[in-house]
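Below is one structure; the comments refer to it alone.
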Amino acid sequence: MNNNFFEINNVDFKVGNKVKVKNVSFSIQNEGDIICLLGPSGIGKTTILRTIAGLQNIDKGSIELRGKTLSSKKINIEPENRNVSLAFQENSLFPHYDVKKNILLGTERNKGKKKQSINFEELIDLLDISQILNKYPHEISAGEAQRASLARSLITQPDLLLLDEPLSNVDQSFKEEIQEKLKKILNNFKITTIIVTHDSYEAFYLGSKCGIILNQELKQFDDPYNVYHLPNSVDVVNFLNRGILIPAEVTSPKSLENIDLGTITGNFIKPFPIGSKVKLLIQPEDLHHDDASNLKFEVIDRKFRGTNFIYTLKTPTNTLIPVFVHSHHIHQHEVDEKFGIKRPIHIDHIVCF
Ligand code: ADP
Ligand code: MG
């Protein structure tokens, strides 16, 4: 007997007869929790959602909601009897109904089921779609269609909501605002949700847990902080693309040596024998800028991110190292200039492979 709200145990996710993601297990502990699944295009994210919704069978393991089996080798509850709502990635509004009618279809499905239902006006307001209510799907933009689909899914208040890249067509400038609103609605109404996205920042913001799917596997299922700072594999590091791996030798239980950076001290997440040759993860936040340092590297690129810069530095061994600097740093270093790195180098948690 398990007490998790939702659970997937050892499931192979398939398209037809082909296994796309193998032997997946993860759980959502509490009703109302939001989790995000991240992975490259074509890896099988949509397949996972379709299977949870009951549109694809499984022949190994089980999928359980509120302690009840939805899918297993023997059981396959019909999609309409799962109280699971899937909002497709592509525009799935009915073309012959206007936006308002499309959204209200969701309310009809929800009739009498929930004590506290989501208010239509409030939802329209939150998603800023009041101007398009009387328009037909072909008369609205892709971003508006996504927001309308989102409204329709939310208003059904299912036991489990599955959102497939719900904001991929929403304008960048509007995205953060919608993410905030979405999070607020899901929290207010305690809607348990699995969100598929390929935007890692969206996943880190919305999810209390993030699952990273790579090479036919759920590689890591963890807190956003851990996924970023304590990636469990080289694959996860490369996928998130927010750091590099440099060769280093372990010289003591609290230090390593790299040819370009010299001595690096810190706490190893996983112990390695002294003398081990490892790959050390360096993330942009790990190194600190210091004009007075004699450890200097050439600037080859600088990305302005508003609140910060990410400098790319080239070491004598041609390694490219990213370094984060707050954007109020008084002087900016141009490409081809030298850029100082503060010594001694201390990294709070050392991640090596
Ligand atoms: P994602 O959502 O991560 O981009 P999908 O789950 O849509 O990936 O697809 C996973 C893999 O299955 C892809 O290689 C895709 O080409 C294949 N696939 C998906 N749907 C079908 C289908 N109906 N017929 C054949 N192959 C499919
Ligand atoms: Mg997909």
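The values are calculated or read from the model by the stated rules, or taken from the named source; none is laboratory data. Just so it is clear, the model here is predicted, and its values are computed rather than measured. Virtual Cβ from ideal backbone geometry, glycine too; neighbours counted across all protein chains shown.
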Legend entry - Where Gly275 falls short, out of the listed (1) away from ligand 2 (no atom under 16 Å from the Cβ); (2) surrounded by fewer than 17 Cβ atoms within 10 Å (Cβ to Cβ); (3) under 29 Å from Val24 (Cα atoms): (3)
Legend entry - Qualifying residue in region 193-202 (condition: under 19 Å from Glu285 (Cα atoms) and either touching a residue at least 40 places away in the same chain (Cβ under 8 Å) or surrounded by 18 or more Cβ atoms within 10 Å (Cβ to Cβ) (or both)): yes
Inset, instruction - For Leu163, state whether it is over 15 Å from Tyr228 (Cβ atoms), outside any strand (DSSP E or B) and within 16 Å of ligand 2 (Cβ to nearest atom). - result: no
Inset, instruction - Any residue in region 47-64 that's assigned by TED's automatic domain parsing to the domain that holds Leu218: show its pairings with residues that are of a type in the set (Asp, Glu) and within 9 Å of ligand 1 (Cβ to nearest atom) at Cβ separation under 9 Å, as long as the two are six or more apart or on different chains. - result: Leu49/Asp164; Arg50/Asp164
Legend entry - Residue pairs meeting the criteria (Cβ under 7 Å; at least 6 apart or on separate chains; first within 29 Å of Lys270 (Cβ to Cβ) and aliphatic (A, V, I, L, M), in region 280-297; second assigned to a loop (DSSP other than H, G, I, E, B) and at pLDDT below 95): Leu281/Gly243; Ile282/Gly243; Leu295/Arg343
Inset, instruction - Please enumerate the residues belonging to region 243-261 that are surrounded by 13 or more Cβ atoms within 10 Å (Cβ to Cβ) and either in a loop (DSSP other than H, G, I, E, B) or touching a residue at least 40 places away in the same chain (Cβ under 8 Å) (or both). - result: Gly243, Ile244, Leu245, Ile246, Ala248, Val250, Lys254, Leu256, Ile259, Asp260, Leu261
Inset, instruction - Keeping to region 8-39, report how many residues are within 7 Å of ligand 1 (Cβ to nearest atom) and within 15 Å of Gly211 (Cβ to Cβ). - result: 2
Legend entry - Selected residue [within 16 Å of ligand 2 (Cβ to nearest atom) and among the hydroxyl-bearing types (Ser, Thr, Tyr)] from Ser41, Ser72: Ser41
Legend entry - In region 325-351, the residues that are modelled with pLDDT of 85 or more and buried (at least 18 other Cβ atoms within 10 Å of the Cβ): Val325, Phe339, Ile341, Ile345, Ile347, Ile350, Val351
